[in-house]
């Protein structure tokens, strides 16, 4: 098992930095120390958005393209106002998500989560199977 962790650590070093500190917490997983910016805050931001009209999508997409934003989007205001515009907005989010190799999923009736390529959204296989039946 030790060779596996050494291999992972060495693969990080191949990217040109020896600054990765990967302490082994247990034999089941490793912990990677987060990289903090100059201001001492983590570079990844979980940011809420409210989609009130189609034009609001531009600000959301701009933040997603930076690559450090996990977007939680409240779609209820646009859903209550105009379903066609909501579908256009969601399609635009899906295309952007595909282009940046991220992940997108709805949860509840009012929220959508969009994450960059380094993250994924957990999907419960039991509820997915029930919806398909």
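Key figures for this structure:
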read-out: Residue count for region 65-82, restricted to those that are in a helix (DSSP H, G or I) and out of contact with any helix residue (DSSP H, G or I) (no Cβ under 6 Å at 6 or more places or on another chain); value: 5
read-out: For residue 92: the one exception among (1) modelled with pLDDT of 95 or more; (2) in a helix (DSSP H, G or I); (3) crowded, with 16+ Cβ neighbours inside 10 Å; value: (3)
read-out: Among (1) modelled with pLDDT under 95; (2) within 24 Å of residue 122 (Cα to Cα), the one test that residue 41 misses; value: (2)
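To keep it simple, each residue is scored yes or no on (1) at pLDDT 85 or above; (2) touching a helix residue (DSSP H, G or I) at 6+ places or on another chain (Cβ under 7 Å).
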position	(1), (2)
27	no, no
49	yes, yes
63	yes, no
96	yes, yes
118	yes, no
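The values are calculated or read from the model by the stated rules, or taken from the named source; none is laboratory data. Treat the numbers as computed from the prediction; the structure is a model and nothing was measured. For neighbour counting, all protein chains shown are included, and Cβ atoms are generated from backbone atoms with ideal geometry for every residue, glycine included.
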